[in-house]
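To keep things clear, I will list the structure first and then write my remarks on it.
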Amino acid sequence: MSNEDLYHKVVGYVELTIFPTVVNLNRIKLNSKQCRIYRVRVNDLEAPFLYNDPTLEVCHHESKQRNLNYFSSAYTAAVSAVDPDAGHGELVIKVPSELWKQGDDLKVLKVYIEFSLDQPKGGLHFVVPDVEGSMAERGAHVFGSCDEKMKIFSCHRFWFPCVDSYSELCTWKLEFTVDASMVAVSCGDLVETIYTHDMRKKTFHYILPIPTAAPNISLAVGPFEILVDPYMHEVTHFCLPQLLPLLKHSMSFLHEIFEFYEEILTCRYPYSCFKTVFVDEAYVQVSSYASMSIFSTNLLHSAMIIDQTPQTRRCLAQALAQQFFGCFISRMSWADEWVLKGISGYIYGLYLKKTFGVNEYRHWIKQELDKIVEYELKMGGVLLHPTFSGGKEKDNPTPHLHFSIKHPHTLSWEYYKMFQCKAHLVMRLIENRISMEFMLQVFNKLLSLASTASSQKYQSHMWSQMLLSTHAFLKSISNVSGKDIGPLIKQWVDQSGVVKFFGSFAFNRKRNVLELEIRQDYTSSGTQKYVGPIKVTVQELDGSFNHMLQIEENSLKHDIPCHSKSRRNKKKKIPLMNGEEVDMDLSAMDADSPLLWIRIDPDMSILRKVEFEQADFMWQYQLRYERDVVAQEEAISALEKFPTPASRLALTDILEQEQCFYKVRMQACFCLAKIANAMVSTWQGPPAMKSLFTRMFCCKSCPNIVKTNNFINFQSYFLQKTMPVAMALLRDVQNLCPKDVLNFILDLIKYNDNRKNKFSDNYYRADLIEALTNSLTPAISINNEVRTVDNLNADVRLILEEITRFLNMEKLLPSFRNTITVSCLRAIRQLQKNGHIPSDPSLFKSYAQYGHFVDVRIAALEALVDYTRVERSSGELQWLLSMVQNDPVHYVRHKILGLLCKNPPFTKTTDSALCNEALVDQLWKFMNSGASHDWRLRCDAVNLYYMLFGLTRPSCLPLPELGLVLNLKEKKAVLNPTIKPELGVGAVMDTPASIGIHGFNTMEDEDIDMETVHDSQAFIHHHLNLLERPSTPGKHTHTHTHTHTHTHYIHVLKTLLIQFSAILFIWHQITTTVISMYGPYEQALGNSGKEKLPFNRKKPAKPASGRGTHLPQLVGGEGD
Amino acid sequence: VFSVHMVGEGSVSICSIAGKATSSPAENYLLARRRTLQVVVSALLTESGFESAEKAAVETLTEMLQSYITEIGRCAKAYCEHTARSVPTLSDTVVTLIEMGFNVDTLPIYAKRSQRMVITAPPVTNAPVTPKALSAGQKRTHPAHIPSHFPEFPDPHTYIKTPTFREPVSDYQVVREKAATQRRDVERALTRFIAKTGETQSLFKDDITTFPLIAARPSTIPYLSALLPSELELQALEETDSSEQDDQTDGENTDDPGADKENSMLPPSGVVPSTKASEDNVIDNPYLRPVKKPKVRRKK
């Protein structure tokens, strides 16, 4: 029994109080994964139970099928089979027949479950630093136990049996017994802390009187340092030992966020206390639970760090927004998720606007809009509110995706992020329609209804007010605002896709009219047609004018009358949109036209991409004089196509203008570099930005030396960081980085002096290394000679010298978040890739190991993934995949798969030696059963599989023996579905029955060549069949066989769906004992988990069992 | 006797080299004393019944006597300075004698013994004058507002700034250049040293010395070094803005949770919570409350 074994163990006890709402309650279904259940009692009577987790292994019985369509449908079916919203669960408890009578009288039932959790792979995460040394030292470590902490993530059924649904609310009493040196932080109010009798452990008693769903319950245990917020004593912060000073600084503004939300929502924070816990190896950066939030410890920073500060504040603001919408008010069903994500994202946006300013806010909205547009155009639409018609899912709303969006658990992580992004953008569209006042009134109304409901007893049936559905939200909006937002919802919520506009114009001088043409592309993937109003802003000589145009089915052209005649010689100031009047040099513009610039949908009130054509001088005017940052950014991206001296001047002017938003100026740097490269033959003067940088940041007396660092002005700090990075992208006629640019950057590094600065320069130095990386160009190689030190290019030698020194210094004086190591690793990979130094993965492998800071590991892994692709190395791919399976940090595993997807070693369309049967099998096994403990990881694996092999059978697999199979149902022979060629998306839509991504129609086809039918599918088929029959409550006969395995009974159920849709679980009482040090239960519990968890899997069910009798029928009906 | 040892330590070394015939007044003074001591020694010898003595023996005894007296003087002075006085008193001398193992009670009897010889007092010679310190420049006379009885100004060189500078290195460029080069050299030398003495990784298979990289070593708690500012940075921060820290709130915060945490770890004794309660009656946070003892259920 090693120490680790003792560490990673939880023994618990759950008590549920159930108010039956229907008669004939014989079965109770709960969610539970990887727990070992010892005993279940209902009202003091031993209750038999069945434990079946179909998601452990998605596709059973070694099948030749290796296509993703099949997997996705099987996986969806498996998740559906235990979906708590549909009344299913992994754990089925049979109510003893003695209590049936009581249940029929709708009396309270109490369910007691004893369970333990051994070495959990998911759900609970233990972080125990591995201390080397003798047993004594290890022992000391165990008893001192100063380094243990753990945290939990979203999937609650992983760590205690519950109803893992956001819609089943109940109040909670939680008790945790932990070692005396630990603190257990959980949801609700800490009532008291009591020592155990031996005084070596403490029990934390929590009560959460506000009805809360199980997924909003969490726990964190560790030797935390405690900080009571100096402004709000109800708020407590927790961090790991030694980080208290950072915690103090990072949390010093949290009260401002609180005040802001409470003010705009005119509603008190709903819980009586709030806790923030910072843990290592966090699953996600921010996760919110009822009255507590768990953050990654890497968000903590000291006062010296500039770049991390806004990021940390954003994370805190996000977490707090989710406390109101997401935790306190939770979703009615998965389809309503968008409302909560939308509202929390929206109020978070309001916070951003207030704290970071309107420019930052608009910049962020544009970024988010660009992100969602890019994703949808690439991957297909993101659907916010999917509707599934009844139990049948024939019409799959998202046929373009390789996964099902019916459950959160089958969703790709990237898709979910985009989903959240779109949700808040849509919420903003609603605000545009009904005004912010109404919007906030709606939120206030929802919150006050919920808080009234939360104080009521369960019997008053008010708790459903705390659940928010799309319908209720829309109703509330129409009540408050009196406006009909139906079309908006239909367009953006019920439908997926974005709008793609192409705009161009001509000026008709005779009529003094602007003829605007707006076309749409609504046929390509991820797009939709837009019909409705659109705003166009025209800046003329006489001022700025808004025009509302109607986009209709067939009209492309719009005539907009102009207000001003062209008049170029009158010296008069030109009024802008914001009322400002400016002098402009009008010599660049067209003499005949009064138009300065035109903007389509300037307020971003459509989820769209606009490609607008206007002359280069118009973009330049827009960049110089339009005050909206979004317009400026659009102008910058447009100017990339116009490499002229005028563009150069406009960009340089913006760069120098201190009133201009710094992110615009940063973007201008990169654009200027691109323009300079395009104009390389005609470029006059020193390299772009060099004289500017010298003027802004170098000493007056000696212009080659940079001033000693002083980052007190953040705008110029960010500019100082960005300019060298952009300058390094400059190329001369030979397509090399100009010598004086490289020397300039080397000088910046040499003369960098941070001694007098009150801020750390780690990000600046990291960016200087990035600049060095950017300056690299492919090496000229003769006859593929081996790269040695001797034939190293002189410039590269200088660069390598700097990188070596930086990387070595980092070992002695590590920088914040090891930013410099990260930059160095990227630089080394770039040197390798460009053939300056030999390509070698061993350095990256050592930095990718567990035990390095997570950012460093990710950077090293990124390099390794790149190496794998470039060198087609199967060894490295195997190394990465084994890390995906074995690494202790969930985030790293997730990230590796994400990196592999982004930079795949090969794709379905390319041939590669890496693509072989063994790899298919390996990935398949991982998806199928290896990643059963982590939804996110499994979906990542599915993504990778899709990226590598596509939807259908991987091309490297041998063809199955049977080309044709007989479909008994349709009474005809069909092509074996396993060898169906991959069809395009369009084709899928044409023939949904033949190759839908999931749904029973295809499953029936695919079941044919399976030896037996998958359990969960059988469950569903079976129960759906049952559903179709009229149910006669109380008259069901339950055939169940008692298969005696130790102390458990197997029951097979028939009437689950009918009963469980109506059951409410209310008073959820949990007593969880967290054993961290000792394992007294280990002995007592002799049985091994293997035997128990899937115990009905391997052993064939007895013929008399209910399932046993049904399965052969199902198979026999359709099989061969 | 006592007047002799007032001379103190300084005289000892001078005495020992006094054999040489010199004619400076200070030496003459010392020689006279020495001669008296020799007379004393001879008288004592005579008193004890010696008729003659070798010169060397007398010299030795004189030396011993002189050391003994000097030690009494040194010691007595130390005692007196210990009690913050500057002039030794009788009691200092007595304590000294006791300290040196001399039975003081026997002294009066010895002094009044009958056969003692009376020696003539040493010839009066001028006390040695301390040689004038090297003086440079003209001493300043007192300005009008300083009364004349105040001490004189010291020599000008002790307070006057004499600017002697080499070629000025205030050229900004040179300074920066020098600082940068120096730092880089130090960094390079240091990292090379560490790399030479420890494990390394190399970017080139054939050459492991040109660009040696210190091997990456996983740590047990990697986030600590990555998040906490290094001592160097902290130092720099203190130097730059020690004034900007708002010590007050900071100080308060550090005290409370730290102390409370400790308390929560300890079994609550009667004293700790009560002092606690008086301190933070403002902050009532459940995590700061002391841990309760379990209820005793054994009733036997």
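When the expected Rg is taken as 2.2 N^0.38 Å, what fraction or multiple of it is the alpha-carbon Rg of the range A:35-112?
Details: Rg = 17.1 Å, N = 78, 2.2 N^0.38 = 11.5 Å.
Cα-based Rg divided by the globular estimate yields 1.48.
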Would you mind getting the Kirkwood hydrodynamic radius of the range A:316-370 from its Cα pairs, rounded to one decimal in Å?
11.8
Counted neighbours (other Cβ, 10 Å), sorted fewest up, put B:F193, B:F102 in the order B:F193, B:F102
Point-to-point label distance, A:S464-A:K354, nm (Cα→Cβ direction, 7 Å offset):
3.4
Percent relative contact order for the range B:26-112, counting Cα pairs under 8 Å at least six residues apart, stands at 17
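According to the Kirkwood expression over distinct Cα-Cα pairs, how big is the hydrodynamic radius of the range A:554-670, in Å?
Working: mean 1/r = 0.0648 Å⁻¹.
Over the range A:554-670, the inverse of the mean reciprocal pair distance is 15.4 Å.
Need one word for the range A:265-419: rounded, prolate or oblate. Basis is the Cα gyration tensor (sqrt eigenvalues a ≥ b ≥ c); a/c below 1.5 gives rounded, then a/b vs b/c decides.
Numbers: a/c = 1.87, a/b = 1.51, b/c = 1.24.
Prolate shape, in that a/c is at least 1.5 and a/b is the bigger ratio.
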Computed P(r) (all Cα pairs; the range B:26-112; 10 Å bins; percent)
15, 35, 36, 12, 1
Provide the per-residue ³J(HN,Hα) series for the range B:194-203, in order, calculated from phi with Karplus coefficients 6.51, -1.76, 1.60 and θ = phi - 60°, each as a whole number of Hz, with x at glycine and proline positions.
4, 5, 5, 8, x, 6, 10, 10, 9, 8
Spacing of the two label points (7 Å from each Cα toward its C-beta) at A:V582 and B:S48, in nm:
11.3
Listed residues B:L44, B:Q66, B:T106: farthest to the positive end of the dipole of the range B:26-112 (Cβ charges)
B:Q66
All-pairs Cα distance distribution in the range A:654-762, expressed in whole percent, bin size 10 Å:
14, 46, 33, 7, 0
Kindly state, to the nearest 0.05, the FRET efficiency for A:S504 paired with A:A779, given R0 = 41 Å and r defined as their beta-carbon distance.
0.40
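Quick check on my link table: of A:K354/A:K483; A:K417/A:K609; A:K248/A:K721, which ones sit more than 25 Å apart, alpha carbon to alpha carbon? The partial results should precede the final answer.
Values: A:K354/A:K483 27 Å; A:K417/A:K609 19 Å; A:K248/A:K721 28 Å.
A:K354/A:K483; A:K248/A:K721, as the Cα separations exceed 25 Å there.
With +1 on each Lys and Arg Cβ and -1 on each Asp and Glu Cβ, how big is the dipole of the range B:26-112 about its Cα centre, in debye rounded to the nearest 20? Numbers along the way, then the final one.
Values: 8 positive and 11 negative charges, 59 e Å.
Roughly 280 debye for the range B:26-112.
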Across A:K406/A:K535; A:K275/B:K292; A:K341/A:K457, pairs whose alpha-carbon gap is larger than 25 Å:
A:K406/A:K535; A:K341/A:K457
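Let a ≥ b ≥ c be the square roots of the eigenvalues of the Cα gyration tensor of the range A:597-659; is it rounded (a/c under 1.5), or, if not, prolate (a/b larger than b/c) or oblate? Before the final figure, lay out the partial values.
Numbers: a/c = 2.33, a/b = 1.44, b/c = 1.61.
It is oblate, given that a/c is not under 1.5 and a/b is not larger than b/c.
If R₀ is 51 angstrom, what is the calculated FRET efficiency for the pair A:E263 and A:E192, using the beta carbon separation as r and rounding to 0.05?
Working: r = 34 Å, r/R0 = 0.66.
Using R0 = 51 Å, I get an efficiency of 0.90.
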Listed here are the pairs A:K94/A:K925; A:K557/A:K663; A:K371/A:K811; A:K422/A:K895; which of them are more than 26 Å apart at the Cα?
A:K94/A:K925; A:K557/A:K663; A:K371/A:K811
Collect residues whose amide H, placed 1.01 Å from N in the peptide plane, falls under 5 Å from the amide H of A:V191; neighbours closer than 5 in sequence don't count.
A:H205, A:Y206, A:I207
Size of electric dipole in the range A:665-814: Cβ of Lys, Arg +1 and of Asp, Glu -1, about Cα centre, debye, nearest 20:
620
Shielding by partners - mean other protein chain Cβ count within 10 Å, residues of A:224-235:
4
How would you classify the range A:764-895 from its alpha-carbon gyration tensor, with a ≥ b ≥ c the square roots of the eigenvalues: rounded for a/c under 1.5, else prolate if a/b is greater than b/c, otherwise oblate?
oblate
When the Karplus curve 6.51 cos²θ - 1.76 cosθ + 1.60 is applied with θ = phi - 60°, which whole-Hz ³J(HN,Hα) does each residue of the range A:943-948 get, with x for Gly and Pro?
4, 5, 4, 5, 5, 7
Within a 10 angstrom radius of the beta carbon, how do B:I69, A:I434, A:I93 rank from fewest other beta carbons to most?
B:I69, A:I434, A:I93
R0 = 56 Å: FRET efficiency of B:E231 with A:E871, Cβ-based, nearest 0.05?
0.85
If the label point is 7 Å along Cα→Cβ of A:S716, which residues in the range A:668-701 have backbone nitrogen under 16 Å from it?
A:691-701
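Rounded to a whole number, what is D in µm²/s for the range A:824-918 from Stokes-Einstein with the Kirkwood radius over alpha-carbon pairs (25 °C, 0.890 mPa s)? Walk me through the numbers before you get to the answer.
Values: Rh = 13.5 Å.
After rounding, the answer is 181 µm²/s.
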Tell me the label-point distance for the pair B:T106, A:V22, using the 7 Å Cα-to-Cβ offset, in nm and rounded to one decimal.
12.0
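Taking 0.36 nm per residue of separation and subtracting the Cα-Cα distance, what length does fully extending A:S681 through A:S929 add?
Numbers: separation 248, 0.36 × 248 = 89.28 nm, distance 5.95 nm.
Full extension from A:S681 to A:S929 adds 83.3 nm.
FYI, it's all coordinate maths here, none of it is from the lab. Just so we're clear, the structure is a prediction, and the values are computed from it rather than from any experiment. Cβ atoms come from the backbone with ideal geometry, glycine included; neighbour counts cover every protein chain shown.
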